[in-house]
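Read through the structure below, which is laid out as structure tokens, and then see the notes.
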Amino acid sequence: YEGETRFVDASIEKLWKWLEASGDADNTIVIFCSDHGDEFMEHGGLGHGKTLEIEQLHVPLMIRGINKTSEPRVTALVRNVDVPPTLLDMLGIEIPGVWEGWSLLPLMQGVDQAPPPHSIAAVQELRSLTDEACHYIWSGPRGWHKLYDLKKDPRALADVAQEENDKATSMQWAL
């Protein structure tokens, strides 16, 4: 994993140096994202694609805009589905009303904006719902669920579904 990470870092550096040398760096939008994270025994598993724990859903997303018009870091909840509307917004193209995602450009420019209300994910029979405060996982036919308070436990290590049953139930219904 560390070798793959070093390879990607070196490749991005090579791309960036090429863009700067060509003189096109300030006229190019660069987007780097991932479709999944990996678990390293935080919740008893390795790899990805088997659970919806936060480390598998929290992925890198880096957007470098034209003329460096963006803030260096956005900490609000964002989703991969927000990337296409953001790209269109950066290019001044109208975002189709039927698209699910939101443009992140205002956040990137430091404008206060309400984040998306939640993010939904699914793998096999598992479903999850994440908002600014909580991460909920529902197992469907397996008969269990988990709730993490991301404000108190950002690494989502302590399941509070039993103590916060009303919140867990409301998130299950929201799925």
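Overview of values
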read-out: The stretch 78-98 - residue that is of a type in the set (D, E, K, R) and either in a helix (DSSP H, G or I) or over 16 Å from L61 (Cα atoms) (or both) and, of those, farthest from the chain's Cα centre (by Cα); value: E94
read-out: Matching residues in the stretch 127-146 - criterion: being over 18 Å from the mean Cα position of the chain (by Cα) and either assigned to a loop (DSSP other than H, G, I, E, B) or aliphatic (A, V, I, L, M) (or both); value: S139, G143, W144
read-out: Residue satisfying all of: in the stretch 155-175; without any contact (Cβ under 8 Å) to a residue 60 or more places away in the chain, outside any helix (DSSP H, G or I) and under 18 Å from H58 (Cβ atoms); least open to solvent (accessible area, probe 1.4 Å) among these; value: A158
read-out: Pick from the stretch 1-35, criterion part of a loop (DSSP other than H, G, I, E, B) and open to solvent by less than 60 Å² (accessible area, probe 1.4 Å), ranking: modelled with the lowest pLDDT; value: S34
read-out: Among the candidates K68, K151, K146, residue that is open to solvent by 70 Å² or more (accessible area, probe 1.4 Å), modelled with pLDDT of 85 or more and among the charged types (D, E, K, R); value: K151
read-out: Tally, over the stretch 127-136, of residues that are surrounded by 15 or more Cβ atoms within 10 Å (Cβ to Cβ) and of a type in the set (A, V, I, L, M, F, W, C); value: 2
read-out: Residues that are over 17 Å from L126 (Cα atoms), modelled with pLDDT under 75 and assigned to a loop (DSSP other than H, G, I, E, B), drawn from the stretch 36-65; value: M41, E42, G65
read-out: Restricting the stretch 115-126 to residues that are assigned to a loop (DSSP other than H, G, I, E, B) and open to solvent by less than 70 Å² (accessible area, probe 1.4 Å), the residue that is modelled with the lowest pLDDT; value: P115
read-out: Meets criteria (buried (at least 17 other Cβ atoms within 10 Å of the Cβ), small (G, A, S), assigned to a loop (DSSP other than H, G, I, E, B) and in contact (Cβ under 8 Å) with a residue 12 or more places away in the chain) for S103; value: yes
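The values are calculated or read from the model by the stated rules, or taken from the named source; none is laboratory data. Keep in mind the model is a prediction, meaning the values are calculated, not measured. Because the Cβ atoms are built from the backbone with ideal geometry, glycine has one as well, and the counts that use them run over all protein chains shown. With ligands, DNA and RNA removed, areas are computed over all heavy atoms of the protein, side chains included. Shrake-Rupley method; radii C 1.70, N 1.55, O 1.52, S 1.80 Å.
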